[in-house]
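Here is the structure we will look at.
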Amino acid sequence: MAFIYTEPSRTFGEYLLIPNYSSEDCIPANVSLKTPLVKFGRGESPSITLGIPMVSAIMQAVSDDRMAIALAREGGLSFIYGSQSIEDEAAMMRRVKNYKAGFIVSDSNLTPDNTLGEVLALRESTRHSTMAVTDDGTPNGVLLGIVTDRDYRVSRMSPQQRVHTFMTPLDRLVTARDGVTLKEANDIIWEHKLNSLPIVDDNGRLRYFVFRKDYSDHKDNPLESVDAHKRYLAGAGINTRDYTERVPALLEAGADVLCIDSSEGYSAWQKHTLDYIRRTYGDSVKVGAGNVVDAEGFRFLADCGVDFVKVGIGGGSICITREQKGIGRGQATAMLEVARARNEYYDETGIYIPICSDGGIVHDYHITLALAMGADFVMLGRYFSRFDESPTQKVMINGNYYKEYWGEGSNRARNWQRYDMGGQQKLSFEEGVDAYVPYAGSLKDGLALTLGKVRSTMCNCGVLTIGELQRTARLTLVSSTSIIEGGYHDVIIKNKASVSHD
């Protein structure tokens with residue numbers, strides 16, 4: 001007969017951390033969130049380490065080149081979504097790897113014939129006040145001038161007034177030639193008291209902007225995820241169908257790490273993909289796989305030679321796999337079992353394989369719980385989809401801003417490869433929904449708040465590193481009554497907007 005687990009399948013929301021003794025050194029400023037991304041041997045250092053234990057999900061609504069740059073700047077890493085053509089995914093990867101820190105490709109561009117009304121709409125869309133005016137309205141057109149909020153007064157100008165009548169023209173701008181170093185560009189900015197410096201090529205085409213504020217931003221990001229050439233690190237999603245074409249193209253584009261994007265990783269299809277990568281590239285190519293929810297699944301992928309294992313089936317906020325197919329496991333239970341299997345594998349072999357908790361994160365404190373349960377890092381979709389840097393549209397509904405968010409198993413994404421089981425090349429039924437999430441502003445600000453909570457909680461647990469948290473954390477199950485007790489109760493809230501539920 002079927003095997004029945006005697007213990008229930010539990011979620012992060014059913015656990016709390018018990019405080020440990022906190023010494024005088026246990027302050028958030030002393031907490032290190034550095035964590036390994038890929039496997040390494042006993043006594044060795046991992047070839048890729050992250051400054052924060054957070055990566056963005058392999059999803060159309062989450063991880064493109066803009067998100068990859070923004071998250072790498074903060075110490076994390078993005079896996080650019082693979083449910084697009086090989087050429088388009090490789091192009092996104094090249095944009096990340098070719099990105100020059102401090103040199104910004106303009107995403108707010110106008111032609112001289114645009115109107116003030118269109119200027120205001122563009123500013124509302126991008127939230128950027130500096131806009132390039134080029135001959136064709138593209139980021140690399142011939143630069144004709146710029147528009148900033150000092151060039152117009154909405155109360156005294158018609159929305160139909162053309163840009164060429166109020167822009168700052170090229171002959172009044174200070175520019176620099178392509179090839180200038182960031183230090184030289186910043187020297188020009190300070191010398192001429194500029195807020196921005198356009199960088200143009202020999203034909204007068206706009207290449208980049210360097211902004212005064214980015215100088216301090218760069219100094220404020222000591223955890224940046226960069227490679228040996230000081231380029232931002234970036235990952236890429238692959239599937240178990242076209243890997244013989246997609247993997248070489250992504251590696252040529254500069255991908256630092258790959259990850260098989262699949263709803264279920266304990267399969268022959270993942271083994272075929274991993275065998276090809278190891279046979280073709282040996283251990284030089286770093287690749288993660290999953291998802292699994294038990295020790296058997298972990299051991300299978302470990303024996304296939306993966307560099308990290310993703311854990312979780314059906315726990316994502318837009319995932320309906322459990323509802324549609326009845327498979328999966330509570331994220332906390334899955335994490336605890338896989339973490340035990342990972343530790344046993346390390347004791348046997350001397351090889352440490354990081355595990356990634358993918359799904360089930362509802363509140364910020366769930367990240368700390370996942371780390372305490374053995375995760376080396378977490379993969380997040382909904383969390384990152386809320387920020388300016390995600391690729392989706394911002395919309396207003398009933399006076400509030402939201403961002404669109406959809407699952408890879410939804411009819412909108414139609415990522416059949418992620419759910420492929422060797423049958424017809426189509427999405428037979430939905431395993432994800434199309435939804436909205438509350439808009440949350442900039443990634444940098446949102447991350448700062450979340451990571452502040454993680455560091456504070458780790459101090460309550462008396463630890464300063466993720467490794468210490470995993471070794472010494474004490475967890476308790478909570479009853480349904482104590483869950484209610486943990487939130488505000490028996491009071492009338494004056495201002496609901498002041499209460500955070502993230």
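How high is the relative contact order of the chain, given as a whole-number percent (alpha carbon pairs under 8 Å, six or more residues apart)?
About 21 percent, as a whole number.
How much mean residue ellipticity at 222 nm does the chain get from its helices, if each DSSP H run of length 4 or more adds -39500 (n - 2.57) and you divide by all residues, to the nearest 500 deg cm²/dmol?
Value at 222 nm, helices only: -9000 deg cm²/dmol.
Which percent of Cα-Cα pairs in the range 251-406 sits in each 5 Å bin, short to long?
Histogramming the range 251-406 at 5 Å steps yields 2, 9, 17, 18, 19, 15, 11, 6, 2, 1, 1, 0 percent.
Would you mind getting me the FRET efficiency between residue 124 and residue 448? Use the beta-carbon distance for r and R0 = 25 Å, nearest 0.05.
0.55
Give the lysines whose C-alpha is closer than 21 Å to that of residue 213, dropping any in the same chain fewer than 8 places away, or say none.
Counting by Cα, and skipping residues close in sequence, residue 213 has these lysines nearby: 100, 183, 193, 230, 444.
Quick check: convex hull of the Cα atoms in the range 1-46, volume per residue, rounded to a whole Å³?
Value for the range 1-46: 236 Å³ per residue.
Report, in order of residue number, the helices in the chain meeting two criteria: a C-alpha extent of 20 Å or more along the helix axis, and a mean Kyte-Doolittle hydropathy of at least -0.5; treat each whole DSSP H run as one helix.
Qualifying helices: 443-460.
Which values, in whole Å and largest first, are the semi-axes of the equivalent ellipsoid of the range 65-179 obtained as the square root of 5 times each eigenvalue of the Cα gyration tensor?
31, 16, 14
Would you rank 490, 445 by solvent-accessible area, highest first, keeping every protein chain in place and using a 1.4 Å probe?
490, 445
Give me the percent relative contact order of the range 1-146, please, defined on Cα pairs under 8 angstrom at least 6 residues apart.
Computed over the range 1-146, the figure is 12 percent.
Would you pull out the residues with amide H under 5 Å of residue 364's amide H, same chain only if 5 or more places away, H placed 1.01 Å from N?
none
How much FRET efficiency would the formula 1/(1 + (r/R0)^6) give for residue 135 and residue 400, where r is the Cβ-Cβ distance and R0 is 41 Å, rounded to 0.05?
Taking R0 as 41 Å, the efficiency between residue 135 and residue 400 is 0.60.
Name the long-range amide H neighbours of residue 110: under 5 Å, sequence gap of 5 or more, or other chain; modelled H, no Pro or chain starts.
The answer is 132, 133, 134.
Using only the Cα atoms of the range 138-235, what do you get for the radius of gyration and for Dmax, in Å?
16.5, 52
The values are calculated or read from the model by the stated rules, or taken from the named source; none is laboratory data. Predicted model only: the values in this text are computed from it and were never measured. So basically every Cβ, Gly included, is an ideal-geometry build from the backbone, and we count neighbours across all protein chains shown. Just the protein is used for accessible areas: all its heavy atoms, side chains included, with ligands, DNA and RNA removed. Shrake-Rupley method; radii C 1.70, N 1.55, O 1.52, S 1.80 Å.
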